[in-house]
C-alpha cells in the first residue's frame, strides 16, 4: 500500500492508523499547491481529486477519502480492533 499525504493535513489520521495496524506501506508526499509528488510527478494523474489522503492498494485500487480509508483499514485488518463493539 502507498499513502499519499501532506504533513499537517487531514491525512494524519490515515497515517496514524496505518502505523497502528503495523502493515508495511510507503509514503509519498504531495505538494497540494502545485499538485505534484515529491519526485515531481503529477499528482492529478494519481488522484484526479487532487486532495489527500489517498491510499493506493496493492491491487491498484485507489481510495481517496479519509473516512473511506479508515473504514477500509478497519474492515481489512479486524485484528487491529478499531471498531469496538
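Brief remarks on what is shown
- Pairs meeting the criteria (first residue in the stretch 26-37 and outside any loop (DSSP other than H, G, I, E, B), second residue at pLDDT below 95 and loosely packed, with under 12 Cβ neighbours inside 10 Å, beta carbons under 8 Å, at least 6 apart or on different chains) are 29/7.
- Hey, residue 50 part of a loop (DSSP other than H, G, I, E, B), at pLDDT 95 or above and out of contact with any strand residue (DSSP E or B) (no Cβ under 8 Å at 6 or more places or on another chain) or not: yes
- Pair list, Cβ < 7 Å and 6+ apart or interchain, from the stretch 64-75 residues that are at positive phi to residues that are modelled with pLDDT of 95 or more and assigned to a helix (DSSP H, G or I): none
- Answer residue from the stretch 22-43, given it is out of contact with any strand residue (DSSP E or B) (no Cβ under 8 Å at 6 or more places or on another chain) and closer than 14 Å to residue 56 by Cα and is surrounded by the most Cβ atoms within 10 Å (Cβ to Cβ) among those: 23
- Test result for residue 60, assigned to a loop (DSSP other than H, G, I, E, B) and without any contact (Cβ under 8 Å) to a residue 40 or more places away in the chain: yes
- Conditions (1) surrounded by 14 or more Cβ atoms within 10 Å (Cβ to Cβ); (2) outside any helix (DSSP H, G or I): number failed by residue 72: (2)
The values are calculated or read from the model by the stated rules, or taken from the named source; none is laboratory data. Quick caveat, the model's predicted, so the values are computed rather than measured. For neighbour counting, all protein chains shown are included, and Cβ atoms are generated from backbone atoms with ideal geometry for every residue, glycine included.
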